[in-house]
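Below is one structure; the comments refer to it alone.
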């Protein structure tokens, strides 16, 4: 009887104990087979090129080349799960490119939850994967976000998002009647938006100027941005003059 196909995986981490712990946990997953390990960025590039793993567990912070640098150097990147002790790096990569991450130290329960998402994504077209990774690694303005809806990953054109709102530890992206929650700071989002189209009007709000109907002064003197769907958002006094100039442009 033919054995079911398994997914070849590579572990990349500069810490031997971390590699050993992850390899032990992966040994309990029947649909994966670990084909090798790498302890640095250059080793990772060589191993990915020669072993051609379908999935790589990739540490972000490594001496020499970071995990981000490794991905940027690959012409045909594999599926990636980032492993890192730095939450900000991991969350940003995940939300901008729908690449999953494991925050160290992690246990079997968190690993298995991540692997369920990986397994669901393994059948998606390679072009979709490359598109997501390209958005995550790009230093330029982003044209789309990738959000999870159930077990699916859905691309959202940034141009359709009317406004971003800081909500506690999340950012809510408002597109039509739909709200998408992102595990990302408003400042991080702002870094990747086109400043000619999006403006930070308040410490908690970024608006898409294409969706603004008018900036209006209230009786009390406060300025509000009135969006085309009727939403009214407060504008800080310091931003009012700048926004009027952008809107005219």
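The values are calculated or read from the model by the stated rules, or taken from the named source; none is laboratory data. Remember, predicted model here, so these are calculated numbers, not experimental data. Glycine gets a Cβ as well: all are built from the backbone with ideal geometry, and neighbour counts include every protein chain shown.
Per-structure values
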| read-out | value |
| --- | --- |
| Condition check for residue 19: assigned by TED's automatic domain parsing to the domain that holds residue 122, surrounded by fewer than 18 Cβ atoms within 10 Å (Cβ to Cβ) and touching a strand residue (DSSP E or B) at 6+ places or on another chain (Cβ under 6 Å) | no |
| Some residue of the stretch 192-200 being more than 29 Å from residue 117 (Cβ to Cβ), at pLDDT 85 or above and out of contact with any helix residue (DSSP H, G or I) (no Cβ under 9 Å at 6 or more places or on another chain) | no |
| Residue match in the stretch 188-201 (condition: part of a helix (DSSP H, G or I), buried (at least 20 other Cβ atoms within 10 Å of the Cβ), assigned by TED's automatic domain parsing to the domain that holds residue 240 and within 18 Å of the chain's Cα centre (by Cα)) | yes |
| Candidates 8, 77, filtered to the one that is surrounded by 14 or more Cβ atoms within 10 Å (Cβ to Cβ), modelled with pLDDT under 95, farther than 30 Å from residue 156 by Cβ and touching a helix residue (DSSP H, G or I) at 6+ places or on another chain (Cβ under 9 Å) | 8 |
